[in-house]
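Below is one structure; the comments refer to it alone.
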Amino acid sequence: MRGVARMLWARGGAGRRFVAALPLLASLGCTRRPSAQLTGECRALGEGKTENATVRILRGSVVAEGKVRKAGRPRDCADSKKASTAFCSANAALSAAPAWLRPSGRLDVHLAASNGGAASAPVEVLRGDGALLLRATGPATPDVWMHELVHVRMHPRLPNGLAARRTARALEEGIADYVAAVAVDSPSVGATKERRRLDLPAFGAAERWAQLAIAKRFDPHPLGLLLARRLYGALKLSAPHARSMLRAGRQVTWENASTPGAVASAFVAVCTASDCPAVRAVLFAWLPEELRDSAP
Ligand SMILES: [Zn+2]
């Protein structure tokens, strides 16, 4: 305990109550309010609140089962460090994104009240709404936002069967990583703590595919990364390929796909651009032979 606090503590009564409340006051006063600089940057982008024509950061939304039940409100730029930070970084990423990756309308980002625990993703796409749910440790770097923009633009309905559903999620993650890498012109993407490098060999596929069948909780990112590495290995960073994959991801219908092979086949069936034969070959090479429904 430091000097003044020790003196107040020694006085007992109200002094002790004040010292005991210091950690709470610190958390309310210091860590949640934006700095003057951040407030200024936020105000320069909008009209004093965390919204403009490009993006809207909403706090207090009620979200259940991947759907927005009640939309929250934009915050004043001086109110919330988290909302203002998200607003500034989303605006920076959207203005840097290639035109074909930007959402057609305004992007809604709902701030979650908590980080959802260790098993929850820091960002989740709300498939029914085409919006994002941002938890405590949200995205900050442009490549993380680019990855999420791919989910916002694709968000296809997923198959019902477990293996098909997990394959579709992994396929979407692989495309999101590849397109994000193309958008930022770097083969390294993801949050600082867990950078995902596309310029490494796609080792460990058998173990990841086994997880798809047996894991109680399935994280689609590692298996998706193996696809992204294969895409990078075959195509390098190619904007035309990234565009055609994004287009196919917007058109694909997976609801009736009942097997992993059917998920891949449905994707290549709508990938009709001239460069899709290359994507098709990569996709079927990613899928283990015994899971393929048809020859590539
Ligand atoms: Zn993702």
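So here's what we get for this one:
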quantity	calculated
ARG195 versus ALA92: modelled label distance in nm, points set 7 Å from Cα along the beta carbon direction	1.7
Top of ARG165, ARG56, ARG106 by mean-square fluctuation, Gaussian network on the chain, Cα under 10 Å	ARG106
Whole-Hz couplings from phi, Karplus 6.51/-1.76/1.60, listed for the range 100-115; x for Gly and Pro	6, 9, 6, x, 6, x, 6, 8, 9, 10, 9, 8, 6, 6, 9, 7
Taking N as its residue count, the alpha carbon Rg of the chain over 2.2 N^0.38 Å	1.17
The chain - charge dipole about Cα centre, Lys and Arg +1 at Cβ, Asp and Glu -1, debye rounded to 20	1360
Förster-model FRET efficiency, 30 Å R0, ARG250 and ARG43, C-beta, rounded to 0.05	0.30
Check: the range 162-291 dipole with +1 on Lys, Arg Cβ and -1 on Asp, Glu Cβ, in debye	240
Distance in nm between pseudo-label sites at ARG157 and ARG102 (7 Å out along the Cβ direction from Cα)	3.1
In the range 233-296, the GluC sites (Glu not before Pro) that fall in loop regions by DSSP, at most 16 other Cβ within 10 Å	GLU255
DSSP-assigned coil residues among trypsin sites (Lys or Arg not before Pro) in the range 229-276, each with at most 12 further Cβ atoms within 10 Å	none
Fluctuation leader among ALA180, ALA281, ALA64 - the chain, Gaussian network, Cα springs under 10 angstrom	ALA64
Rounded if a/c under 1.5, otherwise prolate or oblate - the range 169-232, Cα gyration tensor axes	prolate
The chain - share of DSSP beta bridges that are antiparallel (%, nearest 5)	60
Set LYS193/LYS216; LYS70/LYS193; LYS49/LYS82 screened for pairs whose C-alpha atoms are more than 22 Å apart	LYS193/LYS216; LYS70/LYS193
Extreme residue, positive dipole direction of the chain, given options VAL282, ALA64, THR39 (C-beta unit charges)	THR39
Sequence-distant residues sharing a close amide H with ASN115 (under 5 Å, placed H)	ALA136
DSSP beta bridge pairing in the range 36-140, given as percent antiparallel to the nearest 5	60
Net lengthening on full extension, ALA210/SER120 (0.36 nm per residue, minus Cα-Cα)	30.2 nm
Cα gyration tensor shape for the range 200-281, rounded if a/c is under 1.5, else prolate or oblate	oblate
Mean residue ellipticity (222 nm) of the chain, computed from DSSP H runs ≥ 4 via -39,500 (n - 2.57), nearest 500	-15500 deg cm²/dmol
Distance in nm between pseudo-label sites at ARG217 and ARG73 (7 Å out along the Cβ direction from Cα)	3.5
Of the chymotrypsin sites (Phe, Trp or Tyr not before Pro) in the range 175-219, those whose Cβ has at most 12 other Cβ within 10 Å and which sit in DSSP loop	PHE203
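Rule-based calculations on the coordinates, nothing more; no lab input. Computed from a prediction, not measured in an experiment: that's the story for all the values here. Using ideal geometry, Cβ is built from the backbone for each residue, glycine included, and neighbour counts are taken over all protein chains shown.
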